[in-house]
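Structure, as structure tokens:
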Amino acid sequence: MPGAVPFLELLSISKTYPGVVALRDVSLSAATGEVIGLIGENGAGKSTLMRVLGGVVAPSKGIIRIDGAESASLTVNEATAAGIAFVHQELNLFDNLDVAANVFIGREPLWGGPLKFVDRKAMYARVQPLLDRLNVDFRPDTSVSELSIAQQQLLEIAKALSFDARLVIMDEPTSSLTLTETSRLLEVVASLKASGVSVIFISHRLNEIEQCADRVVVLRDGCTVGALDRQQINHDAMIRLMIGRDLKSLYVPPAAPPGSSMLDIEAMRTSTYPEQPVSLSVRKGEILGLAGLIGSGRTELARAVFGIDHPSAGAIRLEGQPIVVGSPRDAIDRGIYLIPEDRKRSGLLLDVSITENISLPDLASYARATLVRASTEIANAEQQRRRLRIKVPDVGDPVSTLSGGNQQKVVLAKWLSMRPRVIIFDEPTRGVDVGSKSEIYEIMRELADAGVAILMISSDMEEVIGVSDRIAVMHEGRISGFLDRDDFSERNVLKLAVGSTIS
């Protein structure tokens with residue numbers, strides 16, 4: 001927005017911790033009704049800068065100016081009073097409460113004498129205009145447990161607006177959303193902009209930044225390395241600033257055609273879609289992308305193949321031989337591994353060391369007479385750290401200290417320490433920066449080139465089309481079609497995802 005006067009400015013903000021410079025002379029401004037794309041790899045300083053803006057941490061030096069008033073730092077209450085609100089990637093909702101109670105948690109309108117009671121009627125009346133503003137399809141009395149992830153994300157925005165927000169900071173708001181749900185959220189961003197609310201939009205999905213941002217600010221290694229005006233914003237320019245070099249492609253093409261079938265799923269019926277049999281094959285050396293809308297049955301299929309859930313019917317063949325997978329242990333013993341969508345809940349023990357996370361699925365290999373040999377564990381963890389370029393000073397550090405991309409590499413490292421035949425990646429780069437994405441894609445291709453069969457579930461259209469050798473698309477529990485590489489397009493994937501045929 002050329003010429004717009006900023007109501008908020010961060011001037012030469014620096015933040016240092018013992019031995020670490022998190023931010024160095026970073027400046028950022030926001031004008032009324034401006035959408036700012038804030039991008040950078042994990043560890044670039046985005047989160048620290050937003051914590052300074054939200055009053056969570058005080059800068060070591062610099063000035064914060066709001067409506068002309070200057071201060072050296074803000075408290076959380078001061079930031080809230082100034083109209084600064086956050087919508088975090090990790091949703092902060094109580095699913096045992098309804099929508100209105102979540103919006104006004106701790107600020108409920110009360111009625112009565114000495115004994116105060118929550119005035120639900122007044123609370124619902126205050127929340128309904130916020131929901132109308134966002135054009136949502138749920139009510140103030142709807143339980144949060146009944147909402148989809150996309151609806152919960154919109155609820156977080158409604159909660160932010162209830163504070164009379166002038167600036168809404170959205171941190172990876174689309175990481176769990178499908179393409180359709182993402183489009184809806186970007187419409188909300190546009191409506192906020194039109195009503196004079198400013199937005200700082202943080203995302204690793206650069207196509208979203210390209211669609212919604214008036215201006216892009218790029219951080220690298222705690223410094224501002226550049227900014228792009230609306231007419232300058234494009235995919236290549238953003239990547240060039242983020243990683244300091246040109247990157248012709250995020251994806252690595254296949255080195256050779258796939259071999260014979262490694263994994264055959266035959267007429268499998270999951271508990272979610274018991275009437276829909278699913279059949280597909282993944283060949284040696286192939287990356288088969290599995291696309292579809294959220295709720296189409298992709299993750300349920302992966303859970304059944306890995307033995308977490310028990311299908312009501314169907315069979316699995318591994319290199320042509322029938323196998324029975326009654327538990328994850330059965331799958332692991334046969335070389336079938338799953339990298340789950342939610343790595344923090346299902347893929348890692350966050351407070352445990354990197355070394356122990358890597359060795360956990362195969363402890364017998366590190367043991368002598370039932371005693372685990374720590375030296376062998378550490379040696380293997382160091383080997384995987386070097387192989388996967390996991391950025392950590394010590395493999396004895398807890399996994400919780402790592403960035404999202406490095407956590408994902410640890411999940412992968414524990415399986416690579418064994419002998420994978422099939423690896424199922426469920427949303428492999430969710431919440432991962434562009435540099436780590438590129439590394440994960442390279443690792444996937446190296447595995448495929450070594451003969452591993454890869455089934456990749458992804459809601460990222462760019463990822464599905466760019467990484468896959470073939471694409472299978474699911475709709476309401478069934479395979480609606482397969483696409484060979486010559487037929488790859490967003491249009492074709494979307495048509496199959498909504499149940500249409502390709503013409």
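The values are calculated or read from the model by the stated rules, or taken from the named source; none is laboratory data. Keep in mind the model is a prediction, meaning the values are calculated, not measured. Cβ sites come from the backbone with ideal geometry, for glycine too, and all protein chains shown count toward neighbours.
Scanning the range 59-76 for residues that are over 22 Å from VAL216 (Cβ atoms), surrounded by 15 or more Cβ atoms within 10 Å (Cβ to Cβ) and small (Gly, Ala, Ser) yields SER60, SER73.
Could you tell me whether SER279 is over 21 Å from HIS475 (Cα atoms), assigned by TED's automatic domain parsing to the domain that holds ASP469 and modelled with pLDDT of 90 or more? Criteria not met by SER279.
Results for (1) within 27 Å of SER438 (Cβ to Cβ); (2) without any contact (Cβ under 8 Å) to a residue 12 or more places away in the chain; (3) assigned to a strand (DSSP E or B); (4) assigned by TED's automatic domain parsing to the domain that holds GLU146, shown as yes or no for each residue.
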residue	(1), (2), (3), (4)
SER29	no, no, yes, yes
GLY37	yes, no, yes, yes
VAL52	no, no, no, yes
ALA58	no, no, no, yes
ASN77	no, no, no, yes
ALA101	no, no, no, yes
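When the range 103-128 is filtered for residues that are surrounded by 14 or more Cβ atoms within 10 Å (Cβ to Cβ) and assigned to a helix (DSSP H, G or I), the ones remaining, listed by number, are VAL103, ARG120, ALA122, MET123, TYR124, ARG126, VAL127, GLN128.
Within the range 486-503, identify whether any single residue is more than 14 Å from SER296 (Cα to Cα), surrounded by fewer than 16 Cβ atoms within 10 Å (Cβ to Cβ), in the same structural domain as ARG269 (by TED's automatic domain parsing) and basic (Lys, Arg), and answer yes or no. Among the residues of the range 486-503, at least one is more than 14 Å from SER296 (Cα to Cα), surrounded by fewer than 16 Cβ atoms within 10 Å (Cβ to Cβ), in the same structural domain as ARG269 (by TED's automatic domain parsing) and basic (Lys, Arg), which makes the answer yes.
Looking only at residues in the range 446-462 that are out of contact with any helix residue (DSSP H, G or I) (no Cβ under 8 Å at 6 or more places or on another chain) and not aliphatic (A, V, I, L, M), the one that is nearest to SER261 (Cα to Cα) is GLY451.
If the condition is being under 34 Å from the mean Cα position of the chain (by Cα) and among the β-branched types (Val, Ile, Thr), then the range 102-151 contributes VAL103, ILE105, VAL127, VAL136, THR142, VAL144, ILE149. When the range 148-157 is filtered for residues that are free of Cβ contacts under 8 Å to residues at least 60 places away in the same chain and either buried (at least 22 other Cβ atoms within 10 Å of the Cβ) or basic (Lys, Arg) (or both), only LEU154 remains. Filtering ARG345, ARG445 for residues that are modelled with pLDDT of 90 or more and part of a helix (DSSP H, G or I) leaves a single hit, ARG445. Note on the range 385-408: residues that are out of contact with any helix residue (DSSP H, G or I) (no Cβ under 9 Å at 6 or more places or on another chain) and part of a loop (DSSP other than H, G, I, E, B) amount to 1. For the range 211-229, taking the residues that are outside any strand (DSSP E or B) and in contact (Cβ under 8 Å) with a residue 60 or more places away in the chain, the one that is surrounded by the most Cβ atoms within 10 Å (Cβ to Cβ) is identified as ALA213. Taken over the range 209-239, the criterion of being basic (Lys, Arg), modelled with pLDDT of 90 or more and touching a helix residue (DSSP H, G or I) at 6+ places or on another chain (Cβ under 7 Å) is satisfied by ARG215 alone. Applying the set (1) touching a Phe, Trp or Tyr at 6+ places or on another chain (Cβ under 9 Å); (2) at pLDDT below 90 to VAL422 leaves exactly one unmet item: (2). Of all residues in the range 455-482 being touching a Lys or Arg at 6+ places or on another chain (Cβ under 7 Å) and aliphatic (A, V, I, L, M), which is farthest from THR180 (Cα to Cα)? That would be ILE457. Is one or more of the residues making up the range 425-443 in contact with a strand residue (DSSP E or B) (Cβ under 9 Å, 6 or more places away or on another chain), basic (Lys, Arg) and more than 15 Å from VAL352 (Cβ to Cβ)? There is no residue in the range 425-443 that is in contact with a strand residue (DSSP E or B) (Cβ under 9 Å, 6 or more places away or on another chain), basic (Lys, Arg) and more than 15 Å from VAL352 (Cβ to Cβ). Check ILE465, ILE454, ILE440 and return the single one that is modelled with pLDDT of 90 or more and under 24 Å from the mean Cα position of the chain (by Cα). The conditions single out ILE454. Filtering SER183, SER195, SER191, SER162 for residues that are out of contact with any helix residue (DSSP H, G or I) (no Cβ under 7 Å at 6 or more places or on another chain), polar (S, T, N, Q), over 25 Å from VAL498 (Cβ atoms) and surrounded by fewer than 20 Cβ atoms within 10 Å (Cβ to Cβ) leaves a single hit, SER195.
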